[in-house]
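Enquirer: Handing you a structure now.
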Amino acid sequence: LLLRWRRRRGLWRKVAEAQQRQERSLVRMETAVQRFREQNPSVNAVSILSLPLPELSKKLRDGSLPLDHVFYSYVGKALQIATETNCMTEYLQESENQLRKAKLTGKQGLLYGVPVSIKDSINCQGHDSTMGFIKYLNKPAAEDSVVVQVLRRQGAIPFVKTNVPQSLISYDCKNLIFGQTCNPLLYTRTPGGSSGGEGALIGGGGSILGIGTDVGGSLRFPAAFCGVCALKPTGNRLSKRGILSGVVGQKAVAAAVGPLAKDVESLALCMRALLCEDMFNLDSTVPPLPFNEEVYSSTQPLRIGYYETDFFTMPSPAMRRAVREMKQLLEEAGHTLVPFELTNVDYVMFHFCVRGLFSDGGTSFVKKFNGELERGSMELLFWLAKSPDWLKTLLSWIAKPFVPRFSSIIRSMKANTVSEVWSLHHEIEDFCHQFIAQWKKLNLDVMLCPMLGPALRIGYPGKLSVAVSYTMLYNALDFPAGVVPVTMVTDEDDDELKDYKGYYRDWWDRTLAKAFGGSVGMPVAVQCVALPWQEELCLRFMKEVETL
């Protein structure tokens, strides 16, 4: 007991030190901004912060806007949003040295002088990538991840790292080290996750471009909840070298790295910058596919599949309305909309996604939590993963008549043999080919889909892991998918929630109705999807949705 007490005391000391570092980061930012403002009192930060990324980067490259004016304007705004929402874990002080070097050399890339925020789990040399785990504190990365290296070579200046939920397997944004991040639009709401710090910072205007990751909606939830745009590319379109993962080694549910920004044109500029020779040379496993300008700039009418529900998670009234209104606008603009029928999403969720992530019975997931002080909203999942298979079988059998979805989750978390894992991967491949065949039979270009929203109340994502069905489907399929905010919750939407029952009428459905409530004025997005490796077409469709 004495040894355990000493060990726990040591862990709490590490947490306190990390929190002090976070505080010192904010003080450094404040000092730097104050010094700059005293030396440059006439700089209009408001006008700089209002510029969209394409215009800002053009002004930086042609010299009409000084680099330090832009940099310190964003440092000042990031400081404000970090203070309000607790979205930031660390200020990358070497960014000031990079700024000075950029001014001296004048070497310009597509993102010359653009301040960029980076998710905690993406390695930046000399800084921790904690994933919200105490065990990863004081273990700075030896080198930048490939994505960060390419950003630097394109002239971008990574300046802050942002908060994540513990383990990344969550769409909330809280951990024991850095605490809860709030939604900048309404502090009682979650910013989404696991790229929640990015969503909050960009949604609040404290960053113009951010990089996050997505294994079940981790880019799309924060963007949709905070009213910004994001793109989850095909899993291997951008390099994942030097990026930490919630469940290492699993291949069933494809993870991806991608950008978040205020608008679609900014996402396209980021993809243009990243899909370059540097990326392909630094990571030869990434296919050398440069950005296809012709596809992105095409004005040909599109043939668009759409659906209002996946028949697993009942959409909120605002979600359904967002798809219907968007369908009408797209038809009026000359595009063809074709109904697409989704089937067996429950099977995809339990058999492909849950079973795929926990094929080892949850052993590697449990190992991540060894020696941690707490498990937060992961407690139930952790307990299930830790349970022996005979207990999982028994619990699944007992729960089936009362809570069939919970029963399916427990059953899907049993350990698999190697041959069962191979069989699962083969089944996912088959499902993907069937989905593409259905897509091609309808001769579709892209797909318009619902996106979970509005932002849930803080603490609710941990109770509602089943609600990730709209996003996670496209990780299982490994299709590019982006989100664009298109409307806001109305009083009528909120009133209609009283009739929300869900498809299963279980505890999860009742809880989701509560989590959606009281959200008048909050943004609601739609999801835009394309076939694998067609990120440019996906962005082109997103741009069309945004414009309309």
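Enquirer: Can you give the relative contact order of the stretch 1-291 as a percent, counting alpha carbon pairs under 8 Å and 6+ residues apart?
Expert: On the way: 620 pairs, mean separation 51.0, N = 291.
Answer for the stretch 1-291 is 18 percent.
Enquirer: List the trypsin sites (Lys or Arg not before Pro) within the stretch 447-548 that DSSP assigns to loop and that have no more than 13 neighbouring Cβ atoms inside 10 Å.
Expert: K501, R505
Enquirer: Right, something else. Over what distance in Å are the Cα centres of the stretch 436-471 and the stretch 292-340 separated?
Expert: 13
Enquirer: Mind grabbing the accessible area of E293 for me, 1.4 Å probe, Å², rounded to tens?
Expert: 80
Enquirer: What ranking do 346-355, 281-290, 206-215 get when scored by the average of other Cβ atoms within 10 Å per residue, highest first? Intermediate values should be presented prior to the final figure.
Expert: Values: 346-355: 21.4, 281-290: 13.3, 206-215: 27.9.
Order by mean packing, descending: 206-215, 346-355, 281-290.
Enquirer: Let me ask you something else. What accessible surface, in Å², does a 1.4 Å probe find on S377, ignoring ligands, DNA and RNA and rounding to the nearest 10?
Expert: 70
Enquirer: Determine, for each peptide in 18-26, 522-530, the mean count of other beta carbons within 10 angstrom over its residues, then list the peptides with the highest first.
Expert: 522-530, 18-26
Enquirer: In what order, largest first, do V345, V520 sit by accessible area if the probe radius is 1.4 Å?
Expert: The ordering from most to least exposed comes out as V520, V345.
Enquirer: Moving to a separate point now. Filter the cross-link list K174/K262; K232/K543; K58/K139; K107/K543; K440/K543; K232/K367 down to pairs whose alpha-carbon distance in this structure exceeds 26 Å.
Expert: Details: K174/K262 23 Å; K232/K543 15 Å; K58/K139 38 Å; K107/K543 30 Å; K440/K543 23 Å; K232/K367 28 Å.
Over 26 Å apart, Cα to Cα: K58/K139; K107/K543; K232/K367.
Enquirer: What translational D, rounded to a whole number of µm²/s, comes out for the stretch 106-165 from Stokes-Einstein when the hydrodynamic radius is the Kirkwood one over Cα pairs, at 20 °C and 1.002 mPa s?
Expert: For the chosen part, D equals 178 µm²/s.
Enquirer: Once the Cα gyration tensor of the stretch 406-514 is diagonalised, what are the square roots of 5 times its eigenvalues, in whole Å and ordered largest first, as equivalent ellipsoid semi-axes? Can you show the working numbers first?
Expert: Values: eigenvalues 178, 102, 28 Å².
So the equivalent ellipsoid measures 30, 23, 12 Å along its semi-axes.
Enquirer: Check each of the trypsin sites (Lys or Arg not before Pro) in the stretch 78-121 and keep only those in coil by DSSP with at most 12 other C-beta atoms within 10 angstrom; list them in order.
Expert: Counting only loop positions with at most 12 other Cβ atoms within 10 Å, the trypsin sites (Lys or Arg not before Pro) in the stretch 78-121 are K107.
Enquirer: Oh, and also: Leaving ligands and nucleic acids out of the surface, order K139, K59 by accessible area at 1.4 Å, largest first.
Expert: Listed by decreasing accessible area, they come as K139, K59.
Enquirer: Another one. The stretch 310-384: which GluC sites (Glu not before Pro) are DSSP loop and have at most 13 other beta-carbon atoms within 10 angstrom? Present the calculation step by step, with values, prior to reporting the outcome.
Expert: On the way: sites: E325, E331, E332, E341, E372, E374, E379; in loops: E341, E372, E374.
Sites meeting the loop and neighbour criteria: E341, E374.
Enquirer: Right, another one. How compact is the stretch 360-415 by the rule of thumb for globular proteins, expressed as Cα Rg over 2.2 N^0.38 Å?
Expert: Its radius of gyration relative to the 2.2 N^0.38 Å reference: 1.15.
Enquirer: Where does the chain land at 222 nm, in deg cm²/dmol rounded to the nearest 500, when only DSSP H runs of n ≥ 4 count, each adding -39500 (n - 2.57), divided by all residues?
Expert: Value at 222 nm, helices only: -13500 deg cm²/dmol.
The values are calculated or read from the model by the stated rules, or taken from the named source; none is laboratory data. Bear in mind the structure is a predicted one, so any value in this text is a computation, not a measurement. Counting neighbours? That spans all protein chains shown, and the Cβs are built from the backbone with ideal geometry, glycine included. Accessible surface is based on the protein model in full, side chains and every heavy atom, while ligands, DNA and RNA are left aside. Shrake-Rupley method; radii C 1.70, N 1.55, O 1.52, S 1.80 Å.
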